[in-house]
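The values are calculated or read from the model by the stated rules, or taken from the named source; none is laboratory data. It should be emphasised that the depicted structure is a prediction, and the values quoted were computed from it without experimental measurement. Every residue, glycine as well, gets a Cβ built from its backbone with ideal geometry; the counts of neighbours run over all protein chains shown. Surface areas here come from the heavy atoms of the whole protein model, side chains and all, with no ligands, DNA or RNA. Shrake-Rupley method; radii C 1.70, N 1.55, O 1.52, S 1.80 Å.
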Amino acid sequence: NVVRTIYEDRDGNLWLGTNSGGLERFDRSSATFEHHRHDSSDPTSLSHDSVNTVLHDREGTLWVGTQIGLNRMDAASDRFERIGIGTLPGEIENGYVYHLHEDRVGRLWVATVGGGVFRKDPGSNSFVAYRHGSEYPGAAALDKVFSIVEDRSGELWLGTEGGLSRIDVEGGRLVPIRAPADGPLALPTRLITSIAEAPDGTYWLGTWGGGVRRFDPRTQRFVAPPDAESAGVGEARIVAMFVDRVGAVWVGTWNGGLYRAAAAPEGFAGLGTASGLAEPDSTAILEAGDGGLWVGTWGGGLFHRGPNDTDFDGPIVDPASALKTVLSLYEDHARDLWIGTMDGLFRMNPVTGDQDAFRHDPADPDGIGLGYVTTLLEDRSRTLWVGVGGSGLHRYTGEGTKFVSYRNRADDPESLSEDYVTALLEGRDGTLWVGTRSGGLNAFDRETETFERYLPDADVPGTLSHHYVTQVAEGLDG
């Protein structure tokens, strides 16, 4: 059977949508497939066997888009709830669902072939329609939507049968981006099957029968990559496109193979005092959800650069305060900025600048421990974990300034191996990994609240090479 989409959900399950064989879930442990098919006698089965798109939203719902209808799957019972197709308020008026996207604020966007786009807000069970108005020539073709991509600023772009469009969220409409009818900046064909955002803020557009084009939203210009023709992609029918973590663009074609466009080698550019940083020593860096950059310095405070800026603003707060030296930064699900310093932890609203301080108080047994706040992590349950140099691992309760602390106890081999925490990572399987300065690595089981230690041992092959763990990362292979 033809596989139309492959999707890994938030729990690590692998889903395959097929052209005529329904939905498959691949069990990695047993290397077997679990089949989900349409059954005309069962209204709780999949609405159609042609599955185009799958999405697992942040509320835990698995959505399945098919050629005839959108489905909400109950993972516990393996049953499907079919979303109504019709003209009643809150329904989806076109059942040919081709693509699903959840934006940064949790709204579900449903792209249909012929009905435009539909939006469902978090907590709502109804859908709102977005279409191209009749004032746009070719509105019927424009309402056949094949792809949705969200850029770093939160703008939503659409690939349609009539070209490139964007979603005017507040205006409740879809707005086309018109390309010249002819010449070098024209689109070779209007049908855009896929969109991918490049690291430089431009977009790669895959077309059906016209290869690839690049679109610069700042200049509103469409440009053909200079080597596309010679590489054999000039008239290709593009069915999939992806920009990897190093900026290379992968292009999947119909009957033409796979292509890769390497990221342009740009070398290094120094961003120091000439770019607005008061101090050259940068001790913490964070890319915010809007594409902006936060930089903490040693002795110079906290600095910020907007997503379209070249220079930094700052210091954001008085560098004479406790925020003089910033050691760690984290942006949580509510977009609050958490700042670890040499003198405690701070939470800041980046819009208003309001701050909450979490400092060590010897008289408060439930407060944060004494020491440098070296590392921060919000896990998938939205719990904030704080690593402190000298007083162990802390879990923020969400109540005032209360924390639960986890420290080394000499008489307990299942306690934290050492109290100077340097690194945190939540693994795909839910394990919380805790690196320390002189106690190696710990795997923390949050259910039993016990630690498994990984320590260096020169006499045992395959053990940790050193007791000082500075960073922890998980590979794609787990």
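In the range 204-223, which residues have a backbone nitrogen under 16 Å from the label point lying 7 Å from residue 235's Cα in the Cα-to-Cβ direction?
207-212
Considering only protein heavy atoms, what is the solvent-accessible area of residue 134 at a probe of 1.4 Å, reported in Å² to the nearest 10?
Answer for residue 134: close to 120 Å² accessible.
Amide H neighbours of residue 283 under 5 Å, counting only residues 5+ apart in sequence or on other chains, H built in-plane at 1.01 Å?
When sequence neighbours closer than 5 places are left aside, the close amide H contacts are 296, 297, 298.
Taking H as built 1.01 Å from N, whose amide H comes closer than 5 Å to the amide H of residue 328, not counting residues under 5 places away?
340
Please get the size of the charge dipole for the chain, origin at its Cα centre, with Cβ charges of +1 on Lys and Arg and -1 on Asp and Glu, quoted in debye to the nearest 20.
For the chain, the charge dipole is close to 1420 debye.
Could you please state, rounded to a whole Å, how far the C-alpha centre of the range 272-337 is from the C-alpha centre of the range 423-444?
Value for the Cα centre distance between the two parts: 26 Å.
What is the list of residues in the range 213-238 whose amide nitrogen lies under 17 Å from a point 7 angstrom out from the Cα of residue 254, following Cα to Cβ?
Flagged as within label range: 213, 233-238.
Based on the Cβ-Cβ distance of residue 321 and residue 412, what FRET efficiency does E = 1/(1 + (r/R0)^6) give at R0 = 41 Å, to the nearest 0.05?
0.60
With only Lys, Arg, Asp and Glu charged, each at its Cβ (+1 for the first two, -1 for the last two), find how big the charge dipole of the range 122-220 is about the Cα centre; round to the nearest 20 debye.
Its charge dipole is roughly 180 debye.
Over the Cα atoms of the range 1-114, what radius of gyration and what Dmax do you get, in Å?
Just the Cα atoms of the range 1-114 yield Rg and Dmax of 13.5, 44 Å.
Per residue of the range 69-76, in order, report the coupling 6.51 cos²θ - 1.76 cosθ + 1.60 (Karplus, θ = phi - 60°) as ³J(HN,Hα) in whole Hz, putting x for Gly and Pro.
x, 9, 10, 10, 9, 8, 5, 5
Taking the solvent-accessible surface of protein heavy atoms with a 1.4 Å probe, what is the per residue accessible area of the range 1-84 in Å²? Working shown, then result.
Working: 4220 Å² over 84 residues.
On a per-residue basis, 50 Å².
Where does each of 241, 348 land when they are ordered by accessible area, with a 1.4 Å probe and the largest first?
If we order 241, 348 from most to least accessible, we get 241, 348.
Per the 1.4 Å probe, what fraction of the accessible area of the chain, in percent, lies on carbon and sulfur atoms?
Roughly 49 percent of what the probe reaches on the chain is carbon or sulfur.
Calculate, for the range 145-250, the solvent-accessible area per residue in square angstrom, rolling a 1.4 angstrom probe over the heavy atoms of the protein chains.
44
Keeping all protein chains in position, work out how much accessible area residue 402 exposes to a 1.4 Å probe, and write it in Å² to the nearest 10.
Its heavy atoms expose roughly 100 Å² to the probe.
Multiply the residue separation of residue 466 and residue 121 by 0.36 nm, subtract the distance between their alpha-carbon atoms, and state the gained length in nm to one decimal.
On the way: separation 345, 0.36 × 345 = 124.20 nm, distance 4.87 nm.
Fully extending the segment from residue 466 to residue 121 adds 119.3 nm.
Apply 1/(1 + (r/R0)^6) to the Cβ-Cβ distance of residue 308 and residue 402, taking R0 = 35 Å, and write down the FRET efficiency to the nearest 0.05.
Using R0 = 35 Å, I get an efficiency of 0.35.
How high is the FRET efficiency from residue 139 to residue 34, r the C-beta distance, R0 45 Å, rounded to 0.05? Walk me through the numbers before you get to the answer.
Details: r = 41 Å, r/R0 = 0.92.
The computed FRET efficiency comes out at 0.65.
What does the accessible area per residue of the range 389-476 come to in Å², with a 1.4 Å probe and no ligands, DNA or RNA counted?
Ligands and nucleic acids excluded, the figure is 56 Å² per residue.
When the Cα centres of the range 347-409 and the range 52-73 are compared, how far apart do they sit, in Å?
37
Each residue of the range 62-68 in order: what ³J(HN,Hα) in whole Hz does its phi give by Karplus 6.51 cos²θ - 1.76 cosθ + 1.60, θ = phi - 60°, with x for Gly and Pro?
9, 9, 10, x, 10, 5, 10
From the alpha carbon gyration tensor of the chain, can you work out the equivalent ellipsoid semi-axes (sqrt of 5 times each eigenvalue) and give them in Å, largest to smallest?
So the three semi-axes of the chain are 44, 29, 23 Å.
State the answer as a single residue: which of 280, 109, 328 lies farthest towards the positive end of the charge dipole of the chain, with beta carbon charges of +1 for Lys and Arg and -1 for Asp and Glu, about the Cα centre.
Farthest towards the positive end: 109.
Among residues other than residue 309 whose Cβ falls under 15 Å from its Cβ, what is the net charge (Lys/Arg +1, Asp/Glu -1)?
Result for the neighbourhood of residue 309: -2.
Assign unit charges at the C-beta atoms only (+1 for Lys and Arg, -1 for Asp and Glu), then state the dipole size of the range 61-198 relative to its Cα centre in Debye, rounded to the nearest 20. Numbers along the way, then the final one.
Values: 14 positive and 18 negative charges, 23 e Å.
Dipole about the Cα centre, nearest 20: 100 debye.
Per-residue HN-Hα couplings for the range 197-213, Karplus 6.51 cos²θ - 1.76 cosθ + 1.60 at θ = phi - 60°, whole Hz, x for Gly and Pro?
The phi angles translate into 8, 8, x, 8, x, 8, 10, 8, 10, x, 10, 9, x, x, x, 10, 9 Hz.
Given the Cα-Cα distance of residue 242 and residue 366 and 0.36 nm per residue of separation, how much length would full extension add, in nm?
Result: 40.0 nm gained on full extension.
Figure the gain on full extension for residue 44 and residue 438 (residue separation times 0.36 nm, minus the Cα-Cα span) and round it to one decimal in nm.
Full extension of this stretch gives 136.3 nm more.
Which value does Rg/Rh take for the range 322-478 over its C-alpha atoms, Rh per Kirkwood?
Using only Cα positions, Rg/Rh for the range 322-478 is 0.97.
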